[in-house]
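Worksheet: one structure, shown below.
The values are calculated or read from the model by the stated rules, or taken from the named source; none is laboratory data. Remember, it's a predicted structure, so these values are computed and weren't measured experimentally. Here the Cβ positions follow ideal geometry from the backbone for every residue, glycine too, while neighbour counts run over all protein chains shown.
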Amino acid sequence: MKLRDKDFEFEHELGAGNGGTVSKVKHVPTGIVMARKNIIVSVDDESNRKKAERQLKSELKILHECKSEFIVSSYGAFSHDGAVSVCMEYMDLGSLDGIYKKHGAIAEATVVKIAVHVLKGLMYLADNKILHRDIKPSNILVNSKGQVKITDFGVSKQVLDTLARTFTGTQGYLAPERITSGDVYTVTSDIWALGLTLIEIATAKHVYPMMTLFEMMTYVQDSDPPSLPPGKFSPLFEDLISKCVIKDHMQRAGPEGLLQHPYCMDAVEGGISLLEWTNTLDKDE
Ligand code: ADP
Ligand code: MG
C-alpha cells in the first residue's frame, strides 16, 4: 500500500527524540491507527539531502521486511516537504521510560521477562544481519496485549551522519568499544546497552545521570562496569546484568548466549505473565 501525507489524520504527539517527533495518527483510507515518526532531513546541500533520503528509504525498506512478534512492525515510509515519515505499529502503552517514570521501578520478575523479549528481538535482527545500535528504554515499546517489542534499529551510522547534527545518537548507552573506536560495533554492543536499560528500569534511575558526554566517556572506560544496588535484587538477576556489562566486548555474550542464562531460561518457562503486568498500566488515550 502506498502511504501519502494527505491520507493521515493527526491525533496527538507521542513524544520527541533526537531525530524528530512521533505522533499518533489515523490512516484514513484503512482506518488503521499508526505511530508516525517524522524525521527532518536537515542537510543543507540539495544533492546530499536527496542522497541521504534515498539511503534512509532503502534502509527503511529493509526494516519493512522485518516481521517478528518482538519487533515493532512498519507499514512503510514516504518523503514529503523535506522530511521522511516512517509509519509504525502503534503501541498503546508507550515506551519503558515513560512507564517507569509514571509507575515507578519495574519489578524484577517483569524486567527479566522484558529482557527475554528484547533478546529474542535482537536474535531475530542478528539472524537478518541487522544490528540494533540504539537499545534504550524509549526504544522498547509495550502494548495492552502484553507484548514487548523493540523499535528504531538498523539505520546505519553513515546515514545518521549524513542526516546531520540532529542525529547525535543516544550517548548514554554507548558501550566501551564504541567510545574507544567509534567503528567497532557488534551485536554485543547492543547487549551492553541492554544491561544499562535493565538496571535503569529496575531502579527507575538512569545509570549515568547528569554527566556530560566527555565525563561519561572517561567514566565508562576508567571505572568498574555499572551494577545493581547491592542487596535489593536476586543473585541470578545480578549475575545476568553482570554478563551484559562485561567491559571487554570480546568476552561479552550475544543474544543467543544470554538467552541460555538460567534466569532467562526460567523466565521463558514460567514466571509472571506480561499481560498481568500491562493490565496494571495506564493506556495512552
Ligand atoms: P526517543 O526514542 O529518543 O525517545 P523517538 O523519536 O524515537 O525518540 O520517540 C519519541 C517517543 O515516541 C518515544 O519515547 C516513545 O515513547 C514514543 N513512540 C515511538 N514509537 C512509538 C510507537 N510505535 N508507538 C507508541 N509510541 C511510540
Ligand atoms: Mg526511539
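If you go through the stretch 254-285 and pick out every residue that is surrounded by fewer than 17 Cβ atoms within 10 Å (Cβ to Cβ) and either of a type in the set (Asp, Glu) or within 27 Å of Asp127 (Cβ to Cβ) (or both), you end up with 17. May I ask you to list pairs of residues, at least six apart or on different chains, whose Cβ atoms are under 7 Å apart, with the first in the stretch 83-96 being of a type in the set (Phe, Trp, Tyr) and the second being surrounded by fewer than 21 Cβ atoms within 10 Å (Cβ to Cβ)? Sorted first by the residue in the stretch 83-96, then by its partner, the pairs are Tyr90/Lys24; Tyr90/Val33. The residues of the stretch 138-147 that are more than 9 Å from ligand 2 (Cβ to nearest atom) and surrounded by fewer than 22 Cβ atoms within 10 Å (Cβ to Cβ), listed by number, are Asn143, Ser144, Lys145, Gly146, Gln147. When each of Lys26, Lys67 is tested for being surrounded by fewer than 15 Cβ atoms within 10 Å (Cβ to Cβ) and either within 22 Å of Leu281 (Cβ to Cβ) or more than 9 Å from ligand 1 (Cβ to nearest atom) (or both), the lone residue that passes is Lys67. Within the stretch 87-101, the set of residues being within 14 Å of ligand 2 (Cβ to nearest atom) and either at pLDDT below 95 or surrounded by fewer than 18 Cβ atoms within 10 Å (Cβ to Cβ) (or both) comprises Met88 only.
When Gly82, Gly76, Gly104 are checked against the criterion of being within 14 Å of ligand 1 (Cβ to nearest atom) and surrounded by fewer than 19 Cβ atoms within 10 Å (Cβ to Cβ), Gly76 stands alone in meeting it. No other residue among Thr166, Thr162 is at pLDDT below 75 and in contact with a Ser or Thr (Cβ under 7 Å, 6 or more places away or on another chain) apart from Thr166.
Quick one: would you say Ala107 is away from ligand 2 (no atom under 16 Å from the Cβ) and either more than 25 Å from Leu14 (Cα to Cα) or not basic (Lys, Arg) (or both)? Yes; evaluated as a whole, the condition is true for this residue.
Tallying residues that are within 16 Å of ligand 2 (Cβ to nearest atom), closer than 17 Å to Val187 by Cβ and modelled with pLDDT of 85 or more within the stretch 112-137 yields 6.
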